[in-house]
Amino acid sequence: MRKRLYMTWLVVFLLLNWVVCIAYTAELKIEKTLTDTDGLLSNTVLTIFEDSQGVMWFGTSDGVTRYDGKNFQTFTTEDGLSQNMMGLIFEDQQGMLWFSAGLLSSILDGGKPMDMSYMAMPLSELAKELDNETSTEIETPAPLRGITRYDGHTFRVFTTDDGLLRETVKDMFEDKTGILWFATFSGVNYYDGEKFSSIRMNGPIGMEILPHWWDQVTAITQDTAGNFWFGSTAGVTYYNTETSQFRYFGVGEDFAPFQEMAKAGNANITDLQFDAKDNLWMSREGGGNESSGVRRYDGKELIIFPLSEELPMNAVDNIMLDSKGNLWFTGIMNLPPEINETEDSVSMVYPEIGGGVSVYNGETFQNFNADNGLPSNRVRSVFEDSSGRLWFATDAGAAVGVYLPSEKSPVLLDPLVIPNQRRRKGR
């Protein structure tokens with residue numbers, strides 16, 4: 001009886017003297033959404049960027065919009081852009097803005113039906129169709145490609161004539177020395193302010209993945225040691241800047257952490273990002289029915305995060321690390337393709353579901369979507385401005401808001417004075 005009474009008093013004592021923590025669920029509060037009625041060129045926003053002057057830039061499917069907080073200004077190919085669809089905006093150390101199509105623009109048509117009528121068309125008729133398409137292509141001039149640089153007054157376009165390996169640049173990165181790096185589907189360019197030089201990946205031979213796939217670079221990042229990591233359609237390539245040596249993650253027994261990429265036949269890396277603990281996060285396009293499009297590599301082990309309500313994306317477009325160390329992921333859930341057959345046509349439909357945006361706080365994932373105030377569940381990228389506000393590029397405009405992380409509020413209760421249990425027991 002005395003032992004039971006002692007334990008009861010002990011529990012009461014601990015409860016009344018401990019700090020009681022009340023957990024609050026994280027929130028995303030959207031303050032406003034900008035659309036074409038406000039001044040955006042298009043509601044299909046691919047990327048958002050704030051320059052060093054505090055001016056916001058929006059890359060859309062129809063051009064670029066500049067917003068200084070009061071006035072909107074638009075730019076298209078008529079003003080000097082290399083093309084209207086811009087999915088990547090970047091500012092270098094000199095204050096120059098760079099624009100390119102980026103990887104986001106290449107997946108803009110996802111989910112749209114693909115005409116398959118030619119499969120049932122007689123060869124004689126198919127030949128006529130091909131001839132007509134060829135004639136149309138010849139008559140219609142191809143749009144100007146490449147990357148665009150803006151000095152605040154004029155635009156300058158760089159193409160393969162200037163040394164780019166390919167006209168379409170998928171990613172841009174500036175190292176600490178001010179060298180600019182550009183990811184293309186034919187390797188990597190770097191620019192010293194005067195000329196373009198190049199690096200070819202030349203991946204391993206004799207594997208499931210064809211060597212030239214390693215040259216299809218889609219993402220660039222740099223670790224704290226100064227070495228580069230390149231994401232591609234085949235896997236991830238590590239490049240030691242001191243030795244100029246490559247290491248390929250994706251095939252071979254020596255690269256076991258990334259074996260799941262080799263088994264898939266391709267990797268389709270869309271983004272790379274190091275977190276505050278130097279873990280390498282990578283996103284993929286076209287995941288399966290169980291695993292999400294998010295992976296994390298700690299230098300030894302590759303972690304594949306499963307699909308869940310908090311991470312409902314098997315194809316992830318973009319990763320953003322905010323100033324608080326949170327990681328933000330945007331993407332979609334790809335569903336199995338379907339054939340849509342009517343009396344007039346046959347088409348293959350690739351249905352998809354917008355995944356909203358998921359945030360990882362270092363311990364758990366949490367998802368936000370239209371139910372939380374976002375204008376659409378199709379979010380393409382996230383950007384944090386200098387004030388800490390978050391901008392979300394969606395297919396229904398650009399939304400801005402604040403993230404209120406979950407907190408544990410300490411509550412200290414006044415302790416009761418209880419008898420010294422040890423003294424009582426000694427009596």
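Among the conditions (1) farther than 16 Å from S376 by Cα; (2) at pLDDT below 95; (3) in a strand (DSSP E or B), the only one that I353 does not satisfy is (1). Inclusion of G39 among residues that are part of a strand (DSSP E or B), over 30 Å from E363 (Cα atoms) and modelled with pLDDT of 95 or more is not warranted.
A quick yes/no check of all residues on (1) farther than 16 Å from W98 by Cβ; (2) in contact (Cβ under 8 Å) with a residue 40 or more places away in the chain:
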| site | (1), (2) |
| --- | --- |
| R145 | no, yes |
| F155 | no, yes |
| T160 | yes, no |
| G163 | no, no |
| V169 | no, yes |
| T177 | yes, no |
| V188 | no, yes |
| G203 | yes, yes |
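Search the stretch 135-148 for residues being in a loop (DSSP other than H, G, I, E, B) and touching a strand residue (DSSP E or B) at 6+ places or on another chain (Cβ under 9 Å), and hand back the single one that is modelled with the lowest pLDDT. Only one residue tops the list, namely L144.
Every test in (1) modelled with pLDDT of 90 or more; (2) crowded, with 17+ Cβ neighbours inside 10 Å is passed by G287 save one, and that test is (1). For the residues G325, G355, the requirement of being at positive phi and out of contact with any helix residue (DSSP H, G or I) (no Cβ under 8 Å at 6 or more places or on another chain) singles out G325. Scanning the stretch 230-239 for residues that are more than 12 Å from M282 (Cα to Cα) and part of a loop (DSSP other than H, G, I, E, B) returns T233, A234. Residues of the stretch 339-350 include at least one that is touching a helix residue (DSSP H, G or I) at 6+ places or on another chain (Cβ under 6 Å) and assigned to a loop (DSSP other than H, G, I, E, B). Against the conditions (1) in contact (Cβ under 8 Å) with a residue 60 or more places away in the chain; (2) of a type in the set (S, T, N, Q); (3) farther than 26 Å from N279 by Cα, T218 satisfies every one except (3).
Every listed requirement among (1) under 24 Å from the mean Cα position of the chain (by Cα); (2) charged (D, E, K, R); (3) over 23 Å from D371 (Cα atoms) is met by D68 save one, (1). Evaluate the stretch 150-166: report whether one residue or more is under 20 Å from the mean Cα position of the chain (by Cα), closer than 25 Å to F228 by Cβ and modelled with pLDDT of 65 or more. Looking through the stretch 150-166, none of the residues is under 20 Å from the mean Cα position of the chain (by Cα), closer than 25 Å to F228 by Cβ and modelled with pLDDT of 65 or more. Scanning the stretch 149-204 for residues being acidic (D, E), in contact with a strand residue (DSSP E or B) (Cβ under 7 Å, 6 or more places away or on another chain) and surrounded by 20 or more Cβ atoms within 10 Å (Cβ to Cβ) gives a total of 1. Can S232 be described as among the polar types (S, T, N, Q) and touching a helix residue (DSSP H, G or I) at 6+ places or on another chain (Cβ under 9 Å)? Taking the combined requirement at face value, the residue satisfies it.
The residue list G331, G362 contains one member that is part of a strand (DSSP E or B), in contact with a Gly (Cβ under 8 Å, 6 or more places away or on another chain) and closer than 22 Å to L280 by Cβ, which is G331.
The values are calculated or read from the model by the stated rules, or taken from the named source; none is laboratory data. Since the model is a prediction, treat every value here as computed from it, not as a measurement. Reconstructed Cβ throughout: ideal geometry from the backbone, glycine too, with neighbour counts over all protein chains shown.
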